[in-house]
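Undergrad: Sharing a structure with you now.
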Amino acid sequence: MIEYLIVRTIGLRLHLLSPDDYERLIKGEVELEDLPEYRSLVTAKAEEARLRAVHTKFVERASLLLKVCDSHAPFVRAFLDRLEVENVRARLRGVLSGADPPYYYPYSHFIDLEALVRARSLDQVMRLLRGTPYEVRVRRGAPAGVLEMALDSAYFAYYRKEARRSGLKCLVPLIDREALARLLYWTLRLGELAVVGERRLLRGFEPASLSVRLRPPLLDRLARFFRLDAEQLRRMERHGEVSRAVRVAEERVADAARRSFLRERYAPIAVYYYLLLCYNEMRNLERILLGKMLGLRPELVRGAVLMVPL
Amino acid sequence: MSLALKYLPASRGTLVLLRRKLSLTERGKEILEMRREQLVKAIVDLINVVKRRPSVEHKLVRVLEEIARVRLARGEVEYSSLASLVSEPELDVLAVSYHGVPVPQIRVRSPPGAELLHDSELRRLSAELWEAVAELVEVVNAELALERLAAHLNYINRVVNGLERIIIPQLRETIRRLEERVEEEALEEFTRLKRVRGRHS
């Protein structure tokens, strides 16, 4: 059955947007609704409707794979669940600030999205997380950042487990890379000492198939792994330039996935690579739409788009 | 010359009154000139603040661009939820007396609170953005004050010019005319008295 899934994803890959399509969108030669894949999803000319269409398309694409192959569905579902984790994170921040974040991904799996949006306190959110793979156990009064990191840790543990359960153990090294890229974000955001101090939370990020030990000097280890300059990373940490470093790590994750895919085109990696490309397309379109909404120069938007060859 | 001055009775009492009025007007003009100088100095100081606008705007645009870059990198859900952790600043518009001129001024009641925001990058950018906005508020306050002070200076200039070119010359002219009349009348009176004395002797 995996063969069928692989063949389908190879075919579906041809429907994804090419760098030329991105370029035309950035230049304003075409609008999102002009693209055949998105035409039916864009219900209004407003940017928010377009943004929703982009997110819905990603959910639809992954949902199609869920229907195609039951035995590998847990992995695809776990990949998709990253949107739910983002929603939970957004709600947590909303609860902390008392303000409602204006936007959530149109997706839910373990937690009903409406119930999540209605949650008004930290306890209510935690109650919703209970019994789901994202259930987190942090010490009372832990900072919001630690809580969010715990959420990511729980997600990656679940994601890895689901890949194994789907018989896709070969994808674990790539999931490990994703987890390490996320850990890099947390290390830069919370500081190396704070992250290393949360030993229990590091478990979800601990690579199962790569030889990276999550011990001090963690930033140096992560820099070495992602082929980044450790000193530059420290500078970024000091100056609070998280996005730039995370962007490079994301590029490295995509590169590694592409290299693996090119080595074995007709292997389960094709499924992962397809999902990663879909996710990347969603993020890229989001960046282009936001860039247009904010009236940014095309070169600035172009710089933000992650061009991964199909 | 105004009608009131034209038909004034030629008497020593009127002359005393007019001389007092002239002295008062000249003193008033001097005071207004001093006030004008004071306002010009204040305006020059304000111009120095207003001159900072291009650099402040440049700084603001740079920070906004940087924020937009981060927003693109993080995605809308992540960014909007992180942004919701920053409380909005509270501003007031008050009428403040600036060198005696009422000027509307923006006052910061409370700056934005980013205590809940633990993302170092956005925290830094939020601080930089507020710094630029606070500087812009300062420039806007200076611009508002400059506008009102300039209008007031214009008014004072008109009054001083009016005093200098119309009122004071008119008063001087009237005093000169009345002095001549009073002198003529005194001479006439003296001659009449002499003639009356000659007839009687």
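The values are calculated or read from the model by the stated rules, or taken from the named source; none is laboratory data. Please read these numbers as outputs of a predicted model, since none were measured by experiment. Counting neighbours? That spans all protein chains shown, and the Cβs are built from the backbone with ideal geometry, glycine included.
Undergrad: Scan segment A:11-32 for residues that are touching a residue at least 40 places away in the same chain (Cβ under 8 Å) and either among the basic types (Lys, Arg) or within 16 Å of residue A:50 (Cα to Cα) (or both) and jot them down.
TA: Correct list: A:13, A:17, A:22, A:25, A:26, A:27, A:28, A:32.
Undergrad: Then there's this: Scanning segment A:29-41 for residues that are of a type in the set (A, V, I, L, M, F, W, C) and surrounded by fewer than 21 Cβ atoms within 10 Å (Cβ to Cβ), which turns out farthest from residue A:298 (Cα to Cα)?
TA: Per the criteria, the residue is A:41.
Undergrad: Also, quick follow-up: Checking the structure you have, find out if any residue of segment A:158-178 is within 14 Å of chain B (Cβ to nearest Cβ) and assigned to a helix (DSSP H, G or I).
TA: Taking every residue of segment A:158-178 in turn, none turns out to be within 14 Å of chain B (Cβ to nearest Cβ) and assigned to a helix (DSSP H, G or I).
Undergrad: Check every one of the helices (runs of 4 or more DSSP H) wholly within segment A:16-73 and list those with 2 or more residues that are within 22 Å of residue A:158 (Cα to Cα).
TA: Correct list: A:47-68.
Undergrad: Of all residues in segment B:81-116, which are over 30 Å from residue B:150 (Cα atoms), aliphatic (A, V, I, L, M) and more than 9 Å from every other protein chain (Cβ to nearest Cβ)?
TA: If the condition is that a residue be over 30 Å from residue B:150 (Cα atoms), aliphatic (A, V, I, L, M) and more than 9 Å from every other protein chain (Cβ to nearest Cβ), then B:114 is the only one that fits.
For every residue, the table says whether it meets (1) among the small types (Gly, Ala, Ser); (2) surrounded by 14 or more Cβ atoms within 10 Å (Cβ to Cβ); (3) more than 9 Å from every other protein chain (Cβ to nearest Cβ).
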{"residue": "A:91", "(1), (2), (3)": "no, yes, no"}
{"residue": "A:94", "(1), (2), (3)": "yes, yes, no"}
{"residue": "A:97", "(1), (2), (3)": "yes, yes, no"}
{"residue": "A:101", "(1), (2), (3)": "no, yes, no"}
{"residue": "A:114", "(1), (2), (3)": "no, no, yes"}
{"residue": "A:123", "(1), (2), (3)": "no, no, yes"}
{"residue": "A:128", "(1), (2), (3)": "no, yes, yes"}
{"residue": "A:132", "(1), (2), (3)": "no, yes, yes"}
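Undergrad: Take the residues of segment A:74-89 that are facing chain B (nearest Cβ under 8 Å) and free of Cβ contacts under 8 Å to residues at least 40 places away in the same chain: which is surrounded by the most Cβ atoms within 10 Å (Cβ to Cβ)?
TA: Filtering segment A:74-89 for residues that are facing chain B (nearest Cβ under 8 Å) and free of Cβ contacts under 8 Å to residues at least 40 places away in the same chain, the one surrounded by the most Cβ atoms within 10 Å (Cβ to Cβ) comes out as A:87.
Undergrad: State which residue is surrounded by the most Cβ atoms within 10 Å (Cβ to Cβ) when the search covers only segment A:207-248 and only residues that are more than 26 Å from residue B:124 (Cβ to Cβ) and among the polar types (S, T, N, Q).
TA: Ranking the qualifying residues of segment A:207-248, first place goes to A:209.
Undergrad: Among the polar types (S, T, N, Q) and either touching a strand residue (DSSP E or B) at 6+ places or on another chain (Cβ under 7 Å) or under 28 Å from residue A:78 (Cβ atoms) (or both): is that true of residue A:9 in this structure?
TA: Yes, satisfied.
Undergrad: Looking at (1) within 13 Å of chain A (Cβ to nearest Cβ); (2) under 30 Å from residue B:168 (Cβ atoms); (3) of a type outside the set (Lys, Arg), can you tell me which one residue B:78 breaks?
TA: The failed condition is (2).
Undergrad: Check off (1) surrounded by 15 or more Cβ atoms within 10 Å (Cβ to Cβ); (2) within 14 Å of another protein chain (Cβ to nearest Cβ) for residue B:43 and give me the number that stays unchecked.
TA: So the condition that residue B:43 fails would be (2).
Undergrad: So residue B:62 clears everything in (1) crowded, with 16+ Cβ neighbours inside 10 Å; (2) under 30 Å from residue A:249 (Cα atoms); (3) not polar (S, T, N, Q) except one condition, right? Which one?
TA: (1)
Undergrad: Restricting attention to segment A:239-257, report how many residues are more than 14 Å from chain B (Cβ to nearest Cβ) and in contact with a Phe, Trp or Tyr (Cβ under 7 Å, 6 or more places away or on another chain).
TA: Number satisfying all stated conditions: 2.
Undergrad: Give me the residue from segment A:297-308 that is within 18 Å of the chain's Cα centre (by Cα) and outside any helix (DSSP H, G or I) and, out of that set, farthest from residue A:7 (Cα to Cα).
TA: Checking each candidate, the answer is A:305.
Undergrad: Among the residues of segment A:134-155 satisfying the criterion of being within 19 Å of the chain's Cα centre (by Cα) and more than 23 Å from residue A:112 (Cβ to Cβ), which is surrounded by the most Cβ atoms within 10 Å (Cβ to Cβ)?
TA: A:149
Undergrad: Would you confirm, using the coordinates I've provided, whether residue A:259 is touching a Gly at 6+ places or on another chain (Cβ under 9 Å) and either surrounded by fewer than 23 Cβ atoms within 10 Å (Cβ to Cβ) or not polar (S, T, N, Q) (or both)?
TA: Considered against the rule, which asks whether it is touching a Gly at 6+ places or on another chain (Cβ under 9 Å) and either surrounded by fewer than 23 Cβ atoms within 10 Å (Cβ to Cβ) or not polar (S, T, N, Q) (or both), residue A:259 comes out as no.
Undergrad: Here's another thing I want to ask about it. Inspect all residues belonging to segment A:103-112 and state whether any of them is in contact with a Leu (Cβ under 6 Å, 6 or more places away or on another chain), within 13 Å of another protein chain (Cβ to nearest Cβ), crowded, with 23+ Cβ neighbours inside 10 Å and at pLDDT 90 or above.
TA: yes
Undergrad: Still on this structure, I have one more. Taking the residues in segment B:113-151 that are exposed (fewer than 15 other Cβ atoms within 10 Å of the Cβ) and not in a helix (DSSP H, G or I) as candidates, determine which candidate is farthest from the chain's Cα centre (by Cα).
TA: Step by step, filter segment B:113-151, then rank; the result is B:115.
Undergrad: Let me ask you something else. Those residues that are touching a residue at least 24 places away in the same chain (Cβ under 8 Å), among the charged types (D, E, K, R) and within 16 Å of residue B:162 (Cα to Cα), I need them from segment B:2-34; list them, please.
TA: Residues satisfying the conditions are B:21, B:26, B:29, B:33.
Undergrad: Test of understanding: among A:262, A:294, which residue is farther than 20 Å from residue A:183 by Cβ and either within 14 Å of chain B (Cβ to nearest Cβ) or within 16 Å of the chain's Cα centre (by Cα) (or both)?
TA: A:294
Undergrad: I'm checking my understanding of the structure. Among residues of segment B:56-112 that are of a type in the set (Val, Ile, Thr) and part of a helix (DSSP H, G or I), which one is farthest from the chain's Cα centre (by Cα)?
TA: It comes out as B:77.
Undergrad: Got a sec? Which of A:273, A:279 is touching a Lys or Arg at 6+ places or on another chain (Cβ under 9 Å), under 30 Å from residue A:2 (Cα atoms) and either away from every other protein chain (no Cβ under 14 Å) or not in a helix (DSSP H, G or I) (or both)?
TA: Only one candidate qualifies: A:273.
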